[in-house]
Ligand SMILES: Nc1ncnc2c1ncn2[C@@H]1O[C@H](COP(=O)(O)OP(=O)(O)OP(=O)(O)O)[C@@H](O)[C@H]1O
């Protein structure tokens, strides 16, 4: 079966001349929670922008069979309207009949543990709730690929666990499981991945068990810290 997402020899150079991706090849074969870890500047965010279509590769081929949605490190950068419901309304595809809109918004909130919070002002949400609302926005938009760029970097451990559990549940549900590509610097998160890879110098390494990758990287992180 064709992979859901594939990069073939993809290179990308920023206008300033920095080569962010260098003949990068990898693929995601099936739905699940896939994690990428790598040092600052290794190209993770550039890769996410190429998948989402915000950037086009200089060379090589990006093939994506899924509908992507980005979830940023700081949800304040993507929640635009005053209430949870109005923000999700902005994410709905324009062809959804008016009668189904409230239902879709309610379903999206429920799937991230924010049921019945349509009228809650966004400024009253915790950081973790805001991040789950950003994920609800992706669901409302009918995205099938979540591109999560360090989604827990600003959260406390309890909120971090809640986001991990929410995304895992969405990726493992029996009907229409989602695919998530989760960028992290928090090595302990790798234990929750279905597959994990290291990004170095603009290239993605082979998928391996997240637990194993964490064990391999832990000594390096200790040495740096
Ligand atoms: N908008 C930009 N303009 C110019 N260079 C950029 C831009 N964004 C990223 N770069 C450069 O591209 C390289 C890869 O950056 P990128 O942000 O993709 O790495 P990253 O792995 O996501 O890093 P981090 O872990 O710090 O977020 C870096 O050298 C960076 O300075």
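Here are a few things to note about the model shown:
- Apart from one condition, residue 70 fits all of (1) assigned to a loop (DSSP other than H, G, I, E, B); (2) within 16 Å of the ligand (Cβ to nearest atom); (3) buried (at least 18 other Cβ atoms within 10 Å of the Cβ); the exception is (1).
- Residue check, residue 55 under 23 Å from residue 142 (Cβ atoms), within 16 Å of the ligand (Cβ to nearest atom) and either within 12 Å of the chain's Cα centre (by Cα) or outside the structural domain of residue 133 (by TED's automatic domain parsing) (or both): yes
- Members of the range 210-225 found to be loosely packed, with under 15 Cβ neighbours inside 10 Å and under 21 Å from the mean Cα position of the chain (by Cα), listed by number: 211
- Residue 73, sole failed condition from (1) modelled with pLDDT of 95 or more; (2) outside the structural domain of residue 203 (by TED's automatic domain parsing): (1)
- Subset of the range 79-94 (residues that are at pLDDT below 90, in contact with a helix residue (DSSP H, G or I) (Cβ under 8 Å, 6 or more places away or on another chain) and surrounded by fewer than 18 Cβ atoms within 10 Å (Cβ to Cβ)): 80, 81, 82
- Where residue 206 falls short, out of the listed (1) more than 17 Å from the chain's Cα centre (by Cα); (2) part of a helix (DSSP H, G or I); (3) surrounded by fewer than 14 Cβ atoms within 10 Å (Cβ to Cβ): (2)
- Residue count, the range 1-48 (criterion: within 13 Å of the ligand (Cβ to nearest atom) and not in a strand (DSSP E or B)): 15
The values are calculated or read from the model by the stated rules, or taken from the named source; none is laboratory data. Keep in mind it's a predicted model, so treat the numbers as computed, not measured. Cβ coordinates were reconstructed from backbone atoms using ideal geometry, including for glycine residues, and neighbour counts include every protein chain displayed.
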